[in-house]
Amino acid sequence: MTRRVVVPACTAAAPRVKASAREREPMRRFTVGDTFEWVREVDPYRPVYYAGASGDYNPIHIDQVVGRAAGYDGVILQGMCTFSWLTDACVSYLGDPTSLKRLRARFTKPVQVGDVIRFQGRCVAVDGPRIRLEIEATNQAGEEVLKGAVADAVAAEARS
Amino acid sequence: MSVDRRHLGRRYGPYRFEAGRESILDFAAATGGRVPGRVFQNAPPAASPPPHLAGGDGAGPLLAPPSYAAVFAIQPFATACADPEIGLNVLRLVHGEQAFEFHEPVRAGDTLVTTGTITRAQERGNLDFLEVTTETVNQHGRLVVRGVWTAIVRN
């Protein structure tokens, strides 16, 4: 099955979040080949909002002058914001946030204001309660902003 | 200047962090395409809890999303990257890799203590790699998250 959650960037009105039905299902089934998708847009205020919420006020994320001096078009998004989106993409598929046990990725391209990042995940292994996901994250030009993104989870109903 | 292997094993912390309900909600808003804070937002957070915060359990203090580790566990890495003893050029530094191992979930009201150790300090080509491994424990002494944070500096 494929599930899509698209959350538009928004500063003026609260976007609608399409909550998946899976979160309310008492039993969840995970099957190799399942896919999921999660889309985030980097609106101009996102790096500042993330700075405030995370405490990462590195000027490269909030000051265009510093961003340009470092060789970018302007500010770049905090890598950990992208990583948080990756986490949320996995949780959107898993349903239970506590089932996520491991997550890793390499940052391969800076994410900038105006980018639209598409996370496309796939369930690649299911062994009893153990689930492995692989996720690709690309920008609107199709360039990978993360590589080697892999998540390991343990399905909730199988835990003690 | 290249990173020196003698810094291997250098430790940072412990850093204490109180996981507040508003902090968790602000983080969920900032990463959820919404507006954090209690002023310029269009709806109170409680009116539109992000699906990953709901977590299927309505009982007990607010459950933080796993990604919240980016807030409470980053300090040893951030401090190492700016440590004058190590002397990385922060203008040429990027966050290169990240890994988390999630153990005990975090709830609003938890007290989290994070320590970090430099576990890799290596020059490869014209790149320097600095890896900091962090461990966070909660007020019950239980391991919450282990993080591996890697900075890459282009020389």
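Does B:S48 meet the test of being more than 24 Å from B:S2 (Cα to Cα), among the small types (G, A, S) and at pLDDT 95 or above? No; evaluated as a whole, the condition is false for this residue.
Conditions (1) within 7 Å of chain B (Cβ to nearest Cβ); (2) modelled with pLDDT of 95 or more; (3) surrounded by fewer than 18 Cβ atoms within 10 Å (Cβ to Cβ); (4) in contact with a Leu (Cβ under 7 Å, 6 or more places away or on another chain), marked per residue:
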residue	(1), (2), (3), (4)
A:P59	no, no, yes, no
A:G71	no, no, yes, no
A:C81	yes, yes, no, no
A:W85	yes, yes, no, no
A:A89	no, yes, no, no
A:D96	yes, no, no, no
A:L100	yes, yes, no, yes
A:I117	no, yes, no, no
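Filtered by the rule that a residue be closer than 18 Å to B:F72 by Cα and outside any strand (DSSP E or B), region B:93-131 gives B:H103, B:E104, B:P105, B:V106, B:A108, B:G109, B:D110. When B:P65, B:P61 are screened for being touching a His at 6+ places or on another chain (Cβ under 7 Å) and within 26 Å of A:Y93 (Cβ to Cβ), only B:P65 passes.
When each of A:V7, A:V48, A:V75 is tested for being at pLDDT below 85 and either buried (at least 16 other Cβ atoms within 10 Å of the Cβ) or closer than 17 Å to B:V35 by Cβ (or both), the lone residue that passes is A:V7. Taking helices (runs of 4 or more DSSP H) as the structural unit, those lying wholly within region A:44-160 and holding at least 1 residues that are within 24 Å of B:G20 (Cα to Cα) correspond to A:46-54, A:79-94. Scanning region A:68-120 for residues that are within 24 Å of B:V90 (Cβ to Cβ) and among the small types (G, A, S) returns A:A69, A:A70, A:G71, A:G74, A:G79, A:S84, A:A105. Between B:G87, B:G56, B:G37, B:G33, the distinction of being over 21 Å from the mean Cα position of the chain (by Cα), modelled with pLDDT of 80 or more and more than 17 Å from B:N138 (Cβ to Cβ) belongs to B:G87 only.
The values are calculated or read from the model by the stated rules, or taken from the named source; none is laboratory data. Just so it is clear, the structure is predicted and the values come from calculations on it, not from any experiment. Note: ideal-geometry Cβ built from the backbone for every residue, glycine included; neighbour counts use all protein chains shown.
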